[in-house]
Every structure is written in C-alpha cells, then in structure tokens.
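Below is one structure, written out as structure tokens; the observations come after it.
None of the figures in this text is laboratory data; all of them are computed from the coordinates on show. Just so we're clear, the structure is a prediction, and the values are computed from it rather than from any experiment. Here the Cβ positions follow ideal geometry from the backbone for every residue, glycine too, while neighbour counts run over all protein chains shown.
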Amino acid sequence: MLVTLKQILNKANKENYAVGAFNINNMEVTQAIINAAVSQKSPVILQTSQGALEYAGRDYLKALAYTAAKQKVPVVLHLDHGRDLEIIKKCINAGWTGIMYDGSHLAFEENIKNTAKVVKWAHAKGIGVEGELGTIGGAEEKIIAREIIYTDPDAAVEFVKKTKVDALAIAIGTSHGAYKFEGSGRLDLHLLKTIKQRLNMPLVLHGASGVPAWLVTQAVRYGAQLGKPEGVPDDQIIHAVEYGINKVNTDTDIRLAFDAAVRKFVAEKPEDFDPRHILLPARELIQKVVEHRMQVFGSNGKA
Ligand code: G3H
Ligand code: 13P
Ligand code: ZN
C-alpha cells in the first residue's frame, strides 16, 4: 500500500529499525525490490533520482511504483536528491509521497531557505520531506564532491528547527558509488549518536551500499573493470541502525547486481538474444541482494 515518508519513517524511528530506500530506473529493478519487500514482509521506499526521471520519464516511474504499491507492504514513492525546484513541484503534484531536497551544496542559510520552501509545498499536500546537511562524498547527480564534510550537531538542530523537515540525511563518513573508502570503512558512530540524541527524529544514511565482494568477483569474472571497490560493511550498517539511522539508501549494490547477472548470462549464452532471458537473472540477483539488505536493516517482518 502506498504510504507517506513520514508514516514509514516515524514507525521505524519508534521501533528502532531502518527502511531501505532503493533507486528505481526501470521495470525489472522495481519488480526485484517489491518482490524482496513482499518476501521479507518489509516496508520499502522506491526512490527516483532526477537522473532516473530524465531517463525513464515521470509517468513511467510513477506507474511502476504505484503498481508495486498494490502489494500489501507499505511503499513510499520518494524523490532522491531533488535539487531542481521545478522538478520537485512536479513530483509533489504527480503523487510522489516523499521528497528529498538536497541543498547540501549550498551555503547554510540558502539550504535552509530552499528546504523550508519545499517543506511548505510538501506539507500542504501531506507529504514528508528529507533534508540534507553536510556533504556526502562521491558523485551526486554528476556533481563530484570528493571531500566529506561531516554534519555539525549544532547546525543540524538549527536546520531542523528552521526548516521543519521530517527526516535528515547526515554525513558521517559515507560516500556515493562503489569507491567509498581506502581500506576498510568506518563510520563516525559517535557523531551519529550525538546527532540522534539532540534531534530524536528519523535520520538518513546515503552512500550506504555494501559493495559485497562476491558480487564484485562475479562481475569481474565476466569482464567488468572495477578496480578496487569498497562499500560499507554490514556490521557498520547494523551499528548505524542501532544508533538511530532509519532510512538507508542503496543504488550501487543494485547496479552491481544488474551488471554481474547480465554479464554472466551473455557470456554463458552468447546465442540467446531475448531481452527477457537476459534480464531475468538480473531481476533475481537484485531481489537476493535487496532481501539481504532488508535483514541487515531490521525491516523484515515490519510490514
Ligand atoms: O545518489 C545517487 C544515486 O545513486 C542516483 O544516481 O543520479 O545516477 O540516478 P543517479
Ligand atoms: P550508494 O551509491 O552507496 O548505493 O548510495 C545511494 C544513495 O545514497 C542514493 O541517494
Ligand atoms: Zn544519496
């Protein structure tokens, strides 16, 4: 069933688990995620980046998410990293049930001003808003922010008070993409604990993909050139959830699973050119990856 970001995250905050927010760009990925949510009896957030809207079109993505939401588990259709106010307005009016306004690249006061504006529009329609404070490293919407600026707890309190956001994305050491750390990654869990104590509201972890070694091995075995990818280990995610993260974003792991499965199939069956045969193993592998993540987040059985 379709629910709002506020509903899904307030329950997670109260019961101390995290809901997975998975990026969708096409039908097979959407099906894999909703199949995982149903099999795990888990709430789920389907999120569309501005890039996804550009690629697939708003109407197609809405139809996919609304179709997925016919299942019995709670589903949010969320805008990920919204930066363009026109796109945000269109998503609010089109029936998205959660909006992220990402003003993390702006000066503090300007981030507050724009976020507060989006909150006003969204709340008028009963939709919740996620804001972002601090800079998560890696590539965000083609903008490269390599340096991580950790979220300052005092600034976070002021930001939430002035914007009235329903959830806050914080920077505690993660970055987007497949190359998050050199060596084994550690998050600043102490900072997370401090921010949670000060805010006691739903907090969001971006750039949280695990980049599992077995997935990388499969992709590389069938020709992917990936260098030395590094994700957030499961135990770090488990601690982050324990300390108050209630929404965990995942896109890179989905991309890796898609890539690994398609490469394997076309390498092993070079004579088969039926797209359904090529994409079926991708859908299955993504479902497996998403199911595992739901267990790590503790959202299984929470639908
Ligand atoms: O945070 C970024 C997500 O992985 C979405 O990526 O903007 O290429 O769709 P995208
Ligand atoms: P990953 O690149 O770690 O999957 O993060 C995705 C994300 O934060 C989307 O907003
Ligand atoms: Zn992100």
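Values for this structure:
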read-out	value
Mean Cβ neighbour count within 10 Å, used as a protection proxy, ranking 114-122, 261-269 highest first	114-122, 261-269
Extension gain from residue 235 to residue 84, taking 0.36 nm per residue of separation minus the Cα-Cα distance	50.8 nm
DSSP-defined beta bridges in the chain - what % are antiparallel, rounded to 5	10
Amide H within-cut-off set for residue 49, under 5 Å, with H built and near neighbours excluded	24, 80
0 to 90° range, to nearest 10: angle between helix 189-199 axis and the chain longest Cα axis	50
From phi via Karplus (6.51, -1.76, 1.60), per-residue ³J(HN,Hα) for the stretch 154-159 in Hz, x at Gly/Pro	5, 5, 4, 4, 5, 4
³J(HN,Hα), Karplus 6.51/-1.76/1.60, whole Hz, each residue of the stretch 99-116, x for Gly, Pro	9, 9, 9, 9, x, 5, 8, 9, 5, 3, 5, 6, 4, 4, 4, 5, 4, 4
Charge dipole magnitude, Cβ of K and R +1, D and E -1 - the stretch 1-70, Cα centre, debye nearest 20	320
Relative contact order (percent, whole number), the chain, Cα cutoff 8 Å, 6+ residue spacing	23
About the Cα centre, charge dipole magnitude for the stretch 68-210 (Lys/Arg +1, Asp/Glu -1 at Cβ), debye	600
Listed residues 103, 211, 225: farthest to the positive end of the dipole of the chain (Cβ charges)	103
Angle in degrees between helix 58-68 and the longest Cα principal axis of the chain, rounded to the nearest 10	80
Degrees separating the helix 27-40 axis from the principal Cα axis of the chain, which is the longest one	80
Choice from 98, 51, 244 showing the highest fluctuation, given a GNM over the chain with Cα pairs closer than 10 Å	51
Entries in 228/302; 62/196; 90/120 that, when Cα-Cα distance is taken, lie over 24 Å	228/302; 62/196
Size of charge dipole - the chain - debye, nearest 20, with Cβ of Lys, Arg +1 and Asp, Glu -1, no other charges	920
Entries of 70/117; 72/264; 14/164; 72/180 with Cα pairs more than 29 Å apart	70/117; 72/264; 72/180
